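As structure tokens, the structure follows; a few thoughts come after it.
The values are calculated or read from the model by the stated rules, or taken from the named source; none is laboratory data. What you see is a predicted model, and the numbers here were worked out from it, not measured in a lab. Note: ideal-geometry Cβ built from the backbone for every residue, glycine included; neighbour counts use all protein chains shown.
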Amino acid sequence: MARFAYHLFPYLSDNYGVLIHDPESGATAAIDAGDGGAVLAALEEKGWNLTDLWITHHHADHTDGVSLVKEKTGCTVTGPKGKSSAIAGIDREVGEGDTFGFAGAEVRVIETPGHTLDMINFHLPSEGVVFTGDTLFALGCGRVFEGDFAMMWDSLSKLMKLPADTVIYSSHEYTLANAKFALSVDPDNPALKARAAKFEAMRADGKPTVPSTLAEELATNPFLRAADSGIRAHLGMEGESDAAVFAEIRSRKDNF
């Protein structure tokens, strides 16, 4: 049973931030700070005091507000070891296999390079929650900028091994565009068709499509389904490796 409360909030054009709050101790963490004002406004709305800020990667839409948030709250900033551009304000650098505590819960760090070389995800096993940054989205995955397709496939494969009921908080509202592409490479998947229709209705009502579950992504997200026979047949890649099929899917998305 989840101990913590979660508050998802939008910022910039299509980003999401998340606050994680422990009602018992009052500890509160935020995922990324691309807009410091948005983080502070979310904290004020909930009446929570920020103790921790967890940064997934160095891109500006995830880091531009770090200094403001740190200055206003005195929070401890945890972020990736410097494998890309330096991130100002980090107090604690973490990497693959590292763990740290938050309000008595263990937070496990999973390195998921591909989108950037410094990308990390934060997994709370006791809560059954993972914060995937720009690695894994609802029906999508991050564009590969600093790594390569094989690296991104390895990173997604790590996430695929988490328990199927894991709740995935990703960092962008890209889902409708992702659904349109997913149907182009997996057109005969009834679960995907149903999910795409559900998301259309949710967005029409102004509702976020985040979070999702790993089980939902395994059933409908083409970037996790490189082994699927239907997708392989559609692509004419029946005899290829999963990594090669993934690379073809990601390349098609880049040009979709």
Residue hits (the stretch 82-100; at pLDDT below 95 and among the charged types (D, E, K, R)) are Lys83
Quick one: in the stretch 160-191, which of the residues that are in a helix (DSSP H, G or I), of a type in the set (A, V, I, L, M, F, W, C) and without any contact (Cβ under 8 Å) to a residue 60 or more places away in the chain is farthest from Val245 (Cα to Cα)?
-> Leu176
What is the residue count in the stretch 216-230 for residues that are under 25 Å from Val167 (Cβ atoms) and either part of a helix (DSSP H, G or I) or charged (D, E, K, R) (or both)?
-> 10
Every listed condition ((1) small (Gly, Ala, Ser); (2) at pLDDT below 95; (3) in contact with a strand residue (DSSP E or B) (Cβ under 7 Å, 6 or more places away or on another chain)) holds for Gly147 save (3)
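Determine whether Thr112 is over 24 Å from Glu71 (Cβ atoms) and either buried (at least 24 other Cβ atoms within 10 Å of the Cβ) or at pLDDT below 95 (or both).
Working: over 24 Å from Glu71 (Cβ atoms): yes; either buried (at least 24 other Cβ atoms within 10 Å of the Cβ) or at pLDDT below 95 (or both): yes.
The answer is yes for Thr112.
Return yes when Arg203 is at pLDDT 95 or above, out of contact with any strand residue (DSSP E or B) (no Cβ under 6 Å at 6 or more places or on another chain), crowded, with 16+ Cβ neighbours inside 10 Å and not in a loop (DSSP other than H, G, I, E, B) and no when it is not. Explain how you work it out, then say what you get.
Working: at pLDDT 95 or above: yes; out of contact with any strand residue (DSSP E or B) (no Cβ under 6 Å at 6 or more places or on another chain): yes; crowded, with 16+ Cβ neighbours inside 10 Å: no; not in a loop (DSSP other than H, G, I, E, B): yes.
Criteria not met by Arg203.
Scan the stretch 1-21 residue by residue and report those that are among the charged types (D, E, K, R) and over 14 Å from Val129 (Cα atoms). Walk me through how you get there before you give the answer.
Step one: filter the stretch 1-21 for residues among the charged types (D, E, K, R), giving 3, 14.
Scanning the stretch 1-21 gives a single hit, Asp14.
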Subset of the stretch 235-249, residues without any contact (Cβ under 8 Å) to a residue 60 or more places away in the chain and touching a Ser or Thr at 6+ places or on another chain (Cβ under 9 Å), comes to Glu238
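Which residues, counting only those in the stretch 204-222, are out of contact with any helix residue (DSSP H, G or I) (no Cβ under 6 Å at 6 or more places or on another chain) and in contact (Cβ under 8 Å) with a residue 12 or more places away in the chain? Talk me through it step by step, then tell me what you get.
Initially, the stretch 204-222 is screened for residues out of contact with any helix residue (DSSP H, G or I) (no Cβ under 6 Å at 6 or more places or on another chain), giving 204-208, 210-216, 221.
Correct list: Pro208, Val210, Pro211, Ser212, Thr213, Leu214, Ala215, Glu216, Asn221.
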State all residues of the stretch 50-99 that are touching a Phe, Trp or Tyr at 6+ places or on another chain (Cβ under 8 Å), charged (D, E, K, R) and buried (at least 19 other Cβ atoms within 10 Å of the Cβ); if no residue qualifies, say none.
-> Asp52
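Sort out which residues of the stretch 1-19 are hydrophobic (A, V, I, L, M, F, W, C) and in contact with a Ser or Thr (Cβ under 7 Å, 6 or more places away or on another chain), and write them in order of number.
The initial filter retains those residues of the stretch 1-19 that are hydrophobic (A, V, I, L, M, F, W, C), namely 1-2, 4-5, 8-9, 12, 18-19.
Once the filter is applied, which keeps residues that are hydrophobic (A, V, I, L, M, F, W, C) and in contact with a Ser or Thr (Cβ under 7 Å, 6 or more places away or on another chain), the stretch 1-19 yields only Leu19.
Would you be able to tell me the number of residues in the stretch 118-144 that are aliphatic (A, V, I, L, M) and surrounded by fewer than 24 Cβ atoms within 10 Å (Cβ to Cβ)? Working first, answer last.
Going residue by residue through the stretch 118-144, those that are aliphatic (A, V, I, L, M) are 119-120, 124, 129-130, 136, 138-139, 144.
Filter once more, keeping what is surrounded by fewer than 24 Cβ atoms within 10 Å (Cβ to Cβ): 124, 129, 144.
Of the residues in the stretch 118-144, 3 are aliphatic (A, V, I, L, M) and surrounded by fewer than 24 Cβ atoms within 10 Å (Cβ to Cβ).
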Residue pairs qualifying under the 9 Å Cβ cut-off, at least six apart or on distinct chains, with the first in the stretch 2-25 being on the phi < 0 side of the Ramachandran plot and the second being outside any strand (DSSP E or B) and of a type in the set (Lys, Arg), are Ala5/Lys46; His7/Lys46; Leu19/Lys46; His21/Lys46; Asp22/Arg3; Pro23/Arg3; Glu24/Arg3
Within the stretch 215-224, can one find any residue that is surrounded by 14 or more Cβ atoms within 10 Å (Cβ to Cβ), over 16 Å from the mean Cα position of the chain (by Cα) and either over 25 Å from Met119 (Cβ atoms) or among the hydrophobic types (A, V, I, L, M, F, W, C) (or both)?
-> yes
